[in-house]
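Below is one structure, written out as structure tokens; comments come after it.
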Amino acid sequence: MRTVNYNPSSLEVNFAKAFHDLTPQIETKLTGAQVIDIKSNCDIDNPQVTFKLKDSEGDFHEVVVQIIQRPDHIIK
């Protein structure tokens, strides 16, 4: 598949949606943290999935996953 548009690419958007959909499985891997909220922004270049977390001590944290596809010609 040749990528024509990178801003964002369909592959980046699909990866971001997959991360969002996998939240229940991701949460089971987090020791001492619970996912409180999750937001996806798939309309921007390099889509982001933001996880808001609460740890076992009651503190809140935010983790941002940013999806970046490198241009096809770089990978050989």
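Taken together, the values in this text are just the output of simple stated rules run on the coordinates, not laboratory data. None of these values were measured; they are calculated from a predicted model. Neighbour counts are summed over all protein chains in view; Cβ atoms, including those assigned to glycine, are modelled from backbone coordinates with ideal geometry.
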(message) If I fit a long axis through the Cα atoms of helix 10-21 and take the longest principal axis of the Cα atoms of the chain, what angle between them do I get, 0 to 90°, rounded to 10?
(response) 10 degrees
(request) Give me Ser40, Ser56 ranked fewest to most by other Cβ atoms within 10 Å of their Cβ, as a rough exposure proxy. (result) Ser56, Ser40
(request) Rounding to the nearest 20 debye, state how big the charge dipole of the range 10-71 is about its Cα centre with +1 on each Lys and Arg Cβ and -1 on each Asp and Glu Cβ. (result) 180 debye
(request) Tell me what the chain gives for mean residue ellipticity at 222 nm when only DSSP H runs of n ≥ 4 count, each as -39,500 (n - 2.57), the sum divided by the residue total, rounded to 500 deg cm²/dmol. (result) -7000 deg cm²/dmol
(request) Take the alpha-carbon centre of the range 1-36, take the same for the range 46-61, and report the distance between them in whole Å. (result) 15 Å
